[in-house]
1. Find the strands (runs of 3 or more DSSP E) located wholly in region 130-185 whose residues include 3 or more that are more than 17 Å from the chain's Cα centre (by Cα), and list them.
2. Give the residues of region 137-180 that are surrounded by fewer than 22 Cβ atoms within 10 Å (Cβ to Cβ) and within 19 Å of residue 90 (Cα to Cα), sorted by residue number.
3. Exactly one of these conditions fails for residue 124: (1) under 16 Å from residue 57 (Cβ atoms); (2) in contact (Cβ under 8 Å) with a residue 40 or more places away in the chain; (3) open to solvent by less than 30 Å² (accessible area, probe 1.4 Å); (4) not in a loop (DSSP other than H, G, I, E, B). Give me its number.
4. List pairs: first in region 74-101 and farther than 20 Å from residue 161 by Cα, second among the acidic types (Asp, Glu) and open to solvent by less than 60 Å² (accessible area, probe 1.4 Å), Cβ under 9 Å, 6+ apart or cross-chain?
5. Scan region 134-157 for residues that are within 16 Å of residue 122 (Cβ to Cβ) and hydroxyl-bearing (Ser, Thr, Tyr) and jot them down.
6. Return the residues of region 92-109 that are touching a helix residue (DSSP H, G or I) at 6+ places or on another chain (Cβ under 9 Å), within 16 Å of residue 159 (Cβ to Cβ), part of a strand (DSSP E or B) and not charged (D, E, K, R); say none if nothing qualifies.
Amino acid sequence: MGGHRGGRGAWRRSATVLAAVALAATTGCSSTTNTGGSMDPREQLAQRPTFEEAEKGYLALLVELRDTIDAQAPGLEWQADAPSQRSRSVCSAPFDTVDGAENANYSIGRGAKGAVPDDRWQATVDAMLVPLREQGFSEVTVLQDEPGAHQVSVGDPATGARVEFGTKAGTILTLYGACFLPAQG
């Protein structure tokens, strides 16, 4: 499993960043909660952490989730030691008009070889919901739930970020990040 272990200190530091993301979003800084147009999109993003701060928090959250999955369903072989950015793009409305605003998607390699057993699936999801809910991810959507094939999406209603976790022949864990502005250089 390599270099991702021992990241609890990084998680605690990053939890502060993710808490700031959640706080900024719940104070009217998100496209999903601020439909009244009381604050322009640039102002909304300016109240959020920087892209770099949010990314650090998202990567730490994925490590925490992978550790949780491993504790519940040992034996998965992750294809990478650490999570990384998979893709980066411009934001969707209402942030698409803000120069420099971006979001990114993150995963741990291409997931893991092996599946979470059916009899461990719900316990694994329940365990993952603990750190996810602490970070504002509270909207659980079951995408698939059949013997041998399961997938859930857990969204943060304030920011639009979401985590997808699924298992069949292999196991996937992906975080689709919210919109942020880069640090001023």
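The values are calculated or read from the model by the stated rules, or taken from the named source; none is laboratory data. As the structure is a prediction and not an experimental result, all values here were calculated from the model. Cβ atoms come from the backbone with ideal geometry, glycine included; neighbour counts cover every protein chain shown. Surface areas here come from the heavy atoms of the whole protein model, side chains and all, with no ligands, DNA or RNA. Shrake-Rupley method; radii C 1.70, N 1.55, O 1.52, S 1.80 Å.
1. Of the strands (runs of 3 or more DSSP E) lying wholly inside region 130-185, those with at least 3 residues that are more than 17 Å from the chain's Cα centre (by Cα) span 139-146.
2. Matches in region 137-180: 160, 162, 174, 176.
3. (1)
4. Filtered contacts from region 74-101: 76/70; 78/70.
5. Answer for region 134-157, where residues must be within 16 Å of residue 122 (Cβ to Cβ) and hydroxyl-bearing (Ser, Thr, Tyr): 141, 153.
6. 103, 104, 106, listed by residue number.
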